[in-house]
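Every number here is computed from the coordinates shown, using simple stated rules; none is lab data. Values in this document were obtained by computation on a predicted structure and should not be read as measured data. Every residue, glycine as well, gets a Cβ built from its backbone with ideal geometry; the counts of neighbours run over all protein chains shown.
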Amino acid sequence: MIYISLVVTVKTWMAMAERFIDIVTAYKSGGRNSLIVTIPRRLVVEANIEKGQKFLVKVDRKGRLIYEPLNPQEGPITSKGLSEGE
């Protein structure tokens with residue numbers, strides 16, 4: 001089983017390690033091999049996520065997927081700049 005979580009930098013969430021938001025379903029679009037996972041509207045609004053937002057995708061030791069929004073002002077991120085376990 002794969003768990004997907006969205007890490008969002010929102011001040012009110014910093015005190016909480018995790019909280020349940022919703023259950024979403026992964027689906028295919030077109031002929032691509034990737035899957036699409038929706039972000040619940042509540043998070044889109046709270047985190048001010050817009051179309052075209054880029055995310056850093058990581059996996060933790062428990063096999064959970066983590067989607068972390070990238071800040072465009074921080075410049076490009078490459079896999080060379082990341083360490084294992086981040």
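Side notes on the structure shown:
- For the stretch 64-69, putting each phi into the Karplus relation 6.51 cos²θ - 1.76 cosθ + 1.60 with θ = phi - 60° gives couplings of 7, 7, 10, 9, 10, x Hz, in residue order, rounded to whole numbers and with x for Gly and Pro.
- Counting neighbouring Cβ atoms within 10 Å and putting the fewest first, the residues Glu68, Glu46, Glu18 line up as Glu18, Glu46, Glu68.
- Taking label points 7 Å from Cα along the Cα-to-Cβ direction, Ala26 and Asn71 give a separation of 3.0 nm.
- Amide H contacts under 5 Å for Leu56, placed H, 5+ residues apart: Glu68, Leu70
- Nitroxide proxy distance, nm - points 7 Å out along Cα→Cβ at Arg64 and Arg41: 2.6 nm
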